[in-house]
Each structure stands twice: as structure tokens, then as C-alpha cells.
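Visitor: Pasting a structure below so you can have a look.
Computed from the coordinates by the stated procedures, all read-outs in this text should not be read as laboratory data. This is a predicted model, so every value here is computed, not measured. Cβ atoms come from the backbone with ideal geometry, glycine included; neighbour counts cover every protein chain shown.
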Amino acid sequence: MLAGVYKLYLHLSESSAYFPDYITALVAEQTKSTLQGFGYETFSLDYPKNKSIRIGIKDRTVIQVIEGCNAVSVIILFLSFVLAFFSGWKKTLLFIFGGSVLIYTLNVLRIALITLGIYYYPAYTDFLHEILFPIFIYGVVFLLWIFWVKQYQNPEPSPNEQIA
């Protein structure tokens, strides 16, 4: 269901003012700002041919940020698992919110670090993009899941329960 809602969002955003869509544009802008915060001279360019935003350092284009880079699908995966182990509205929604913010923030940092890695070590582009950083982001999601399941299995006793 969530994937369907996201697909509808992508369809509706095709004609929006944000290219290629609002969330991807935001991730690209925040990645650029993160790199600038690290002291790098960066730029970004819309690239309609691939529905992407290119990010560069100095005068060299380094990466393309596409819809698949925005972490929404990773957050949907995280959210779906947490909902499968529902543990009350407040606790579940707080964990989903906190986990989603963490995943999103780490994803922006991940893209910034991929950009730097490719800028300095272009020979390792495939390793960085296809292996190292996916392990990082999915590893974080996995650790969040483990934490959630442990919390779910050991819920705090309600005030009405007596400990024998």
C-alpha cells in the first residue's frame, strides 16, 4: 500500500516545480549543502535526460542523484517492518518517526560521502556505490529492526500487571 502511495506521489510530481520530484530535489540540495559545510565548492544541475540532479565539486560533475537515492523506498521498507510488529500507537509512531529521520539524515550523509569518495577515488566508484554504502544504509535499517523486535518481545509491564 505504501509503495502504491509513493508511486502515485511520483506520478503527480512529474509536472511539479521541483525536479525530478520534491524529495529527490531536497536530498540533492541537502547533500550539496552538506558538502559545502565540509568546505567543498559544490554545484548542482538538473539533468532532465536521466531525471536526475548532478552534483559536482569545483568544476567536475561527480554524481547524479536520482529518485532511487532519496531513501523513501528504504524508509517504506523500515516502516513496513515496524508496523508488522505494532506495539501501541505512541511507541510505534515515535519509533517510526525517529527511525525515518535517522535513515533520511544518514542517507544525505551517505550521498555526500559517496560524492567525496568518487571525487578522490574514481576507480572505486562501483565499490562505493554498489557495495559499501548500500551495506551501510541497509545495515542501519537492520540494526533498527533488531532494536525494535527486542523492544517488541520485551514490552514494559503495564501498571496493572503484577510481577511474581
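Visitor: Within 10 Å of each residue's Cβ, count the other Cβ atoms and sort Thr115, Thr42 from fewest upward. It would help to have the intermediate numbers written out before the result.
Guide: Values: Thr115 24, Thr42 19.
Ordered by Cβ neighbours within 10 Å, fewest first: Thr42, Thr115.
Visitor: Angle, helix 2-12 long axis vs. longest principal axis of the chain, Cα atoms, 0 to 90°, nearest 10?
Guide: It works out to around 30 degrees.
Visitor: Restricting attention to segment 67-143, which chymotrypsin sites (Phe, Trp or Tyr not before Pro) occupy a DSSP loop and are surrounded by at most 12 other Cβ atoms within 10 Å?
Guide: Sparse-neighbourhood loop chymotrypsin sites (Phe, Trp or Tyr not before Pro): Phe86.
Visitor: Follow-up. Between the helical axis of 133-153 and the dominant principal axis of the chain, each derived from Cα atoms, what acute angle in degrees is found, rounded to the nearest 10?
Guide: Approximately 10 degrees, to the nearest 10.
Visitor: Next question, about the same structure. Tell me the angle of helix 72-84 to the major Cα principal axis of the chain, expressed in degrees between 0 and 90 and rounded to the nearest ten.
Guide: The helix 72-84 is inclined about 10 degrees to the chain.
Visitor: If each residue's Cβ is checked for other Cβ atoms within 10 Å, how do His129, His11 rank with the fewest at the top?
Guide: On the way: His129 16, His11 10.
The most exposed by this proxy come first: His11, His129.
Visitor: Got a sec? How would Ile55, Ile131, Ile96 order by Cβ neighbour count within 10 Å, fewest to most? Numbers along the way, then the final one.
Guide: Numbers: Ile55 24, Ile131 11, Ile96 17.
Final ranking by Cβ density, sparse to dense: Ile131, Ile96, Ile55.
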